[in-house]
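A short worksheet on the structure shown next.
The values are calculated or read from the model by the stated rules, or taken from the named source; none is laboratory data. Note that this is a predicted model, so its numbers are computed, not measured. So basically every Cβ, Gly included, is an ideal-geometry build from the backbone, and we count neighbours across all protein chains shown.
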Amino acid sequence: MAAAPQRLSPSSSSSSSSSSFLPVREVGTLKLPAILNGLWQLSGAHGQIDEAQAVKEMSSYVDAGLPGFDMADHYGPAEILYGAFLQEYRGSHRVYGLTKWVPPPGPMLRPIVEANIQRSLHRMKVGSLDMLQFHWWDYHDERYLDALRVMKALRDEGKIKNLALTNFDTVHMKKILDSGIPIVSNQVAYSVIDTRPEKGMVQWCLQNNVKLLTYGTLLGGLLSDKYLGKPEPRVTNLNTVSLKKYMQTIRQWGGWSLFQELLSTLRSIADKYNISIANVGVRYIADKPAVGAVIIGARLSISGHVEDNLRTFSFPGLDSDDIQRIELVVRKGKVLRGDCGDEYR
């Protein structure tokens, strides 16, 4: 008999009323919760942040059973606030901090790479990064391999626990592994309507023990009960970078009318389990092959969805009928062109 999956539970001091425990999944050397808190919203494109309050709210996320944070060197003060949180946190949970390095094109000599990694270590107040996820803008400039070789050396020296990628396509992931550089994950957009990872990346990841960390799974918040039965938002009402971005994804897939049909189908499935549309959308992706975790934006000091996020795993899972109903609607739209990350190049 297979062992039951490991799960993370809220601390006894948590005010969470959810009975859900998050599954724990191995990504490299880490045992990550299946939902990570995304800190992209701290970049400044989603409203003003009360930094002191944001640090306090990180504790509430961790104590509720959501101890993983995804950030980047360019997400405003995200790394600094995470470091401040770590210095203040007195709870018992193991906290996970995943960051990214997104350098401009240029030479990738060891002093340059190491200085940037050292900056993240200093900001985050850690001696070793749990995970460093690397992004590169131009595949024609193969100095990304130079950067990764230096990062591999820094990993071997203990400054990085796990080396990973973000927004790389399948061809270049393969090239990196073939160059002798081990990676543990690739962070990519993956949602009910953006299924580009299924064109070949998922199968490659399964064959090479690489996990996918997914973002955009809730389409910037558009995949939610808030937009069910509502007219298409005006451009002036799309008040965050994410809403603008994922509204474009919806248009490329099939448009607002078809999206409403999808939301209605998801709501019907959600009623069956007494959960939200967002829960269905996240669970649909979280249970896909090769997925290590789904990243959900945490708008610290602005809005919180801790309770709803925890309900994602409050039921056994979507059954075959649920999945068939979802995919029946999804197939009415277009398969998005290209591979993961193409929109950044």
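Consider the range 176-195. How many of its residues are part of a helix (DSSP H, G or I) and either crowded, with 23+ Cβ neighbours inside 10 Å or touching a helix residue (DSSP H, G or I) at 6+ places or on another chain (Cβ under 8 Å) (or both)? Write out each step before concluding.
Taking the range 176-195 and keeping what is part of a helix (DSSP H, G or I), we get 176-178.
Pick out the ones that are also either crowded, with 23+ Cβ neighbours inside 10 Å or touching a helix residue (DSSP H, G or I) at 6+ places or on another chain (Cβ under 8 Å) (or both) and you get 176-177.
Count: 2.
Wholly within the range 199-300, which helices (runs of 4 or more DSSP H) include no fewer than the required count, namely at least 1 residues that are under 28 Å from Phe69 (Cβ atoms) and of a type in the set (Ser, Thr, Tyr)? Steps first, answer last, please.
Values: elements: 201-208, 241-253, 256-273, 277-286.
Helices (runs of 4 or more DSSP H) meeting the threshold: 241-253, 256-273, 277-286.
State all residues of the range 219-260 that are in contact with a helix residue (DSSP H, G or I) (Cβ under 6 Å, 6 or more places away or on another chain) and of a type in the set (Val, Ile, Thr); if no residue qualifies, say none. First the steps, then the outcome.
Restricting attention to the range 219-260, the residues satisfying the condition of being in contact with a helix residue (DSSP H, G or I) (Cβ under 6 Å, 6 or more places away or on another chain) are 219-220, 222-225, 228, 232, 238, 242-243, 246, 250, 259.
Ile250 - this is the single residue of the range 219-260 that is in contact with a helix residue (DSSP H, G or I) (Cβ under 6 Å, 6 or more places away or on another chain) and of a type in the set (Val, Ile, Thr).
I'd like the residue in the range 57-83 that is in contact with an Asp or Glu (Cβ under 8 Å, 6 or more places away or on another chain) and surrounded by fewer than 21 Cβ atoms within 10 Å (Cβ to Cβ) and, out of all such residues, is nearest to Val306 (Cα to Cα).
Ser59
Can Val241 be described as surrounded by 13 or more Cβ atoms within 10 Å (Cβ to Cβ), within 20 Å of Asn167 (Cβ to Cβ) and modelled with pLDDT of 95 or more?
Working: surrounded by 13 or more Cβ atoms within 10 Å (Cβ to Cβ): yes; within 20 Å of Asn167 (Cβ to Cβ): yes; modelled with pLDDT of 95 or more: no.
No, not satisfied.
Quick one: Val126 ticks every box in (1) among the aliphatic types (A, V, I, L, M); (2) within 21 Å of the chain's Cα centre (by Cα); (3) assigned to a loop (DSSP other than H, G, I, E, B) bar one, so which box is it?
Condition (2) is where Val126 drops out.
Inside the range 88-105, can you point out the residues that are modelled with pLDDT of 95 or more and surrounded by fewer than 20 Cβ atoms within 10 Å (Cβ to Cβ)? Write out each step before concluding.
Residues of the range 88-105 modelled with pLDDT of 95 or more: 95-103.
Within the range 88-105, Val95, Val102, Pro103 meet the criteria.
From the list Val95, Val126, Val113, which one is more than 19 Å from Asn37 (Cβ to Cβ), out of contact with any Cys (no Cβ under 9 Å at 6 or more places or on another chain) and β-branched (Val, Ile, Thr)?
Details: Val95 fails: more than 19 Å from Asn37 (Cβ to Cβ); Val126 fails: more than 19 Å from Asn37 (Cβ to Cβ).
Of Val95, Val126, Val113, the one residue that is more than 19 Å from Asn37 (Cβ to Cβ), out of contact with any Cys (no Cβ under 9 Å at 6 or more places or on another chain) and β-branched (Val, Ile, Thr) is Val113.
For a quick check of your reading of the model, give me the residue pairs whose first member lies in the range 99-125 and is without any contact (Cβ under 8 Å) to a residue 60 or more places away in the chain, whose second is β-branched (Val, Ile, Thr) and surrounded by 15 or more Cβ atoms within 10 Å (Cβ to Cβ), with beta-carbon atoms closer than 6 Å and at least 6 apart or on different chains.
Matching pairs, first to second residue: Arg110/Val150; Val113/Val150; Ser120/Thr99; Arg123/Ile80.
Anything in the range 302-342 that is under 20 Å from Gly38 (Cα atoms) and outside any loop (DSSP other than H, G, I, E, B)? List them, or say none. Outline the logic, then answer.
Of the range 302-342, the ones under 20 Å from Gly38 (Cα atoms) are 302-313, 340-341.
The answer is Val306, Glu307, Asp308, Asn309, Leu310, Arg311, Thr312, Phe313.
Arg123 fails exactly one of the following numbered conditions: (1) within 23 Å of Tyr344 (Cβ to Cβ); (2) in contact with a helix residue (DSSP H, G or I) (Cβ under 6 Å, 6 or more places away or on another chain). What is the number of that condition?
Going through the list (1) within 23 Å of Tyr344 (Cβ to Cβ); (2) in contact with a helix residue (DSSP H, G or I) (Cβ under 6 Å, 6 or more places away or on another chain), Arg123 breaks only (1).
From Asn186, Asn162, which residue is under 20 Å from the mean Cα position of the chain (by Cα) and over 30 Å from Leu266 (Cβ atoms)?
Working: Asn186 fails: over 30 Å from Leu266 (Cβ atoms).
None of the others qualify; the one that does is Asn162.
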